[in-house]
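> Dumping the structure here so I can ask a few things about it.
The values are calculated or read from the model by the stated rules, or taken from the named source; none is laboratory data. On a predicted model such as this, the values are computed, not experimentally measured, just so you know. We place every Cβ from the backbone using ideal geometry, glycine too, and count neighbours over all the protein chains shown.
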């Protein structure tokens, strides 16, 4: 039972972070389908730092450097979306898809290149971080991560930032009616850049949390297995509101965790369902949720539409 | 002369071709830079290997064999790219081609091995499975306003796990993959119709390769020359206007996704029923074929005939990537196609630039 709680919290943190990222981006008016790729890059940044640091490093230093690295790589990667979607008015779905494909391909190439450079007999795309990962755990042996606490803090910060500050309200105005926002002197381009970069920051961190969630190595050729898209479903389910996104993330995290630990529950093993069913569960649930909640969608009105000063 | 040149550059077809070439150039450039970063010494050779693919082999035999291999894989890629572009013409982004392709794999192998069905039945079932999966996305989009991109991604993973489950009983335990069709179920292997003779009796060339080209032409005719194609495109351009004109907009969305899904599903059967590839045990990642289809569709300027060439090109560099020296990861080819898709997002901008300047001088040159 405690195992289920551990994994639920971990996966919920991942989904919450990434969905919050999507939330910022979409409130500024840019659809971020590329969250999956951003996660991969954030994970790559964090994993590379973990690979470099020695296992005896102070836990606080490990956490700080990994978190900063993943946020930074996520943010830099999200610039690809920002430049294309904001400056060049490109099709945001297409750019996002390209970013997802590029994320996995580029991360695989980078990790393989590093691995073969250090040891020519190791052409794998796997980074292992068995010992150093322990720095993230609050109690040794239990999968409660400091990153979960950080996620809660970031949730509170997001709520305050989005609803209680001038910046947040301006950001949301740009996603609802950019021309109106521009007419009162808000720089729509800057705001959209801010939205996308924040989503890169949160998405990158989400990637780090995901690859440290109960595993001690990561195969980068697998990307992040559709988690970026699950996060988008969480965001839609949460109605683009951080508080509700948090609840949605908990629900989704629970179902994802179930596929990891269902064997520990006698009544579930007695059902004798193949493990594939549990693997499918999060995706099926999110599809069902989308079916129920998409009809009266509260999406920002101007999302996905490139900002054109001239149109009113 | 100057005037002629200007009008030549203003032709939409020329601009599309130019834009695609720009995308390819930039993609290859990025790939080359990455190769240089990994190991500058062999980078140029590796790049040549990617671009030459089968021409790197010395004997005609080797060349024909590898050209054939590329062609066999081009057929399913072309089908996937047709699937993506068909949906895109109707305003839908079919990122689910990958999942529909997987459904097609599952059905064709299930009917070939489990039901011992003849090849044509396997192809039909694969097409139907893909169509069903596509129709689900289309139905959810039309009736419940579910973003087709997200529903497609979810269905990709669901179909991957379902197919794993469906094909689990038909594995050759020694090889950890599905049974070889040629050895055990020859009735399910696609007929060659003599096309294998063209390439030195190639082992895997079947009617699939020419058939995929024929289907590309059919899709072009369907989209541009028929009433149905017109209605579908009208629905894509403006759903409300289409409805006002008496077109069944919701039905059209479902129909589009069903056709798109059917194309991807059929593509899978065109590849897996050649026996060149088998489904391994417990696959954990959705096959790249459907995603490469997106690259091919956009690179081909979203035109069915263009897709024939772009599919071949994408498959060509992907296969070329696998012949590189082992210090270079084969995924570079995937990276190049991802950069190409990214660049395709700028095509609109390139075209604007080409149309903007009156003298086709400074700015046009900069954009190309």
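> Among the residues of the stretch A:108-118, are any facing another protein chain (nearest Cβ under 9 Å), surrounded by fewer than 24 Cβ atoms within 10 Å (Cβ to Cβ), in contact with a helix residue (DSSP H, G or I) (Cβ under 7 Å, 6 or more places away or on another chain) and assigned to a helix (DSSP H, G or I)? Even if it seems obvious, please write down each step before you answer.
Filtering the stretch A:108-118 for residues facing another protein chain (nearest Cβ under 9 Å) gives A:108-113, A:116-117.
Add one more test, that the residue is surrounded by fewer than 24 Cβ atoms within 10 Å (Cβ to Cβ), and what stays is A:110, A:113, A:116-117.
Restricting the remaining residues to those that are in contact with a helix residue (DSSP H, G or I) (Cβ under 7 Å, 6 or more places away or on another chain) gives A:110, A:113.
Next, from what is left, pick out any that are assigned to a helix (DSSP H, G or I): A:110, A:113.
Among the residues of the stretch A:108-118, at least one is facing another protein chain (nearest Cβ under 9 Å), surrounded by fewer than 24 Cβ atoms within 10 Å (Cβ to Cβ), in contact with a helix residue (DSSP H, G or I) (Cβ under 7 Å, 6 or more places away or on another chain) and assigned to a helix (DSSP H, G or I), which makes the answer yes.
> Something else: So which of A:266, A:242 ends up being away from chain B (no Cβ under 11 Å) and touching a helix residue (DSSP H, G or I) at 6+ places or on another chain (Cβ under 7 Å)?
A:242
> Also, I was wondering about something else. Only one residue in A:234, A:156, A:215 is surrounded by 23 or more Cβ atoms within 10 Å (Cβ to Cβ) and either part of a helix (DSSP H, G or I) or within 14 Å of chain B (Cβ to nearest Cβ) (or both). Which one?
On the way: A:156 fails: surrounded by 23 or more Cβ atoms within 10 Å (Cβ to Cβ); A:215 fails: surrounded by 23 or more Cβ atoms within 10 Å (Cβ to Cβ).
Step by step, each of A:234, A:156, A:215 is checked, and only A:234 is surrounded by 23 or more Cβ atoms within 10 Å (Cβ to Cβ) and either part of a helix (DSSP H, G or I) or within 14 Å of chain B (Cβ to nearest Cβ) (or both).
> Follow-up. From A:47, A:12, grab the single residue that is in contact with a strand residue (DSSP E or B) (Cβ under 6 Å, 6 or more places away or on another chain) and surrounded by 24 or more Cβ atoms within 10 Å (Cβ to Cβ). Steps first, please.
Details: A:12 fails: in contact with a strand residue (DSSP E or B) (Cβ under 6 Å, 6 or more places away or on another chain).
Checking each option against the conditions leaves just A:47.
> Further, regarding this structure: Test residue A:201 against the criterion of being at the interface with chain B (Cβ under 10 Å from one of its Cβ atoms) and under 22 Å from residue A:304 (Cβ atoms), and give yes or no.
Numbers: at the interface with chain B (Cβ under 10 Å from one of its Cβ atoms): no; under 22 Å from residue A:304 (Cβ atoms): yes.
Against the criterion (at the interface with chain B (Cβ under 10 Å from one of its Cβ atoms) and under 22 Å from residue A:304 (Cβ atoms)), residue A:201 does not qualify.
> Determine whether residue B:157 is at pLDDT 85 or above and surrounded by fewer than 21 Cβ atoms within 10 Å (Cβ to Cβ).
Details: at pLDDT 85 or above: yes; surrounded by fewer than 21 Cβ atoms within 10 Å (Cβ to Cβ): no.
Taking the combined requirement at face value, the residue does not satisfy it.
> Would you pick out the residues in the stretch A:81-98 that are more than 7 Å from every other protein chain (Cβ to nearest Cβ), in contact with a helix residue (DSSP H, G or I) (Cβ under 6 Å, 6 or more places away or on another chain) and within 24 Å of residue B:337 (Cβ to Cβ)?
A:81, A:82, A:85, A:92
> Still on this structure, please answer the following. Among the helices (runs of 4 or more DSSP H) lying completely within the stretch B:196-310, list those that include at least 1 residues that are within 14 Å of chain A (Cβ to nearest Cβ).
Numbers: elements: B:208-225, B:227-237, B:239-244, B:249-272, B:289-299.
In the stretch B:196-310, B:227-237, B:249-272, B:289-299 are the helices (runs of 4 or more DSSP H) which contain 1 or more residues that are within 14 Å of chain A (Cβ to nearest Cβ).
> Mind checking which pairs have a first residue in the stretch B:164-175 that is under 11 Å from residue B:109 (Cα atoms) and a second that is at pLDDT 90 or above and buried (at least 18 other Cβ atoms within 10 Å of the Cβ), Cβ under 6 Å, 6 or more apart or different chains?
B:166/B:106; B:166/B:110; B:167/B:109; B:167/B:279; B:170/B:113
> Still on this structure, I have one more. Condition first: at pLDDT below 90, within 11 Å of chain B (Cβ to nearest Cβ), more than 30 Å from residue A:130 (Cβ to Cβ) and in a loop (DSSP other than H, G, I, E, B). Can you find one or more residues in the stretch A:34-42 that meet it? Walk me through it before giving the result.
Step one: filter the stretch A:34-42 for residues at pLDDT below 90, giving none.
The answer is no; no qualifying residue exists.
> It is to be established whether one or more residues within the stretch B:121-138 are more than 9 Å from chain A (Cβ to nearest Cβ), under 30 Å from residue A:34 (Cβ atoms) and more than 23 Å from the chain's Cα centre (by Cα).
Scanning the stretch B:121-138, I find no residue that is more than 9 Å from chain A (Cβ to nearest Cβ), under 30 Å from residue A:34 (Cβ atoms) and more than 23 Å from the chain's Cα centre (by Cα), so the answer is no.
> Please go through the stretch A:102-119 and give me each residue that is over 12 Å from residue B:329 (Cα atoms) and modelled with pLDDT of 90 or more, ordered by number. Don't jump to the end; show me each part of the working.
Residues of the stretch A:102-119 over 12 Å from residue B:329 (Cα atoms): A:102-104, A:118-119.
Those that are over 12 Å from residue B:329 (Cα atoms) and modelled with pLDDT of 90 or more: A:102, A:103, A:104.
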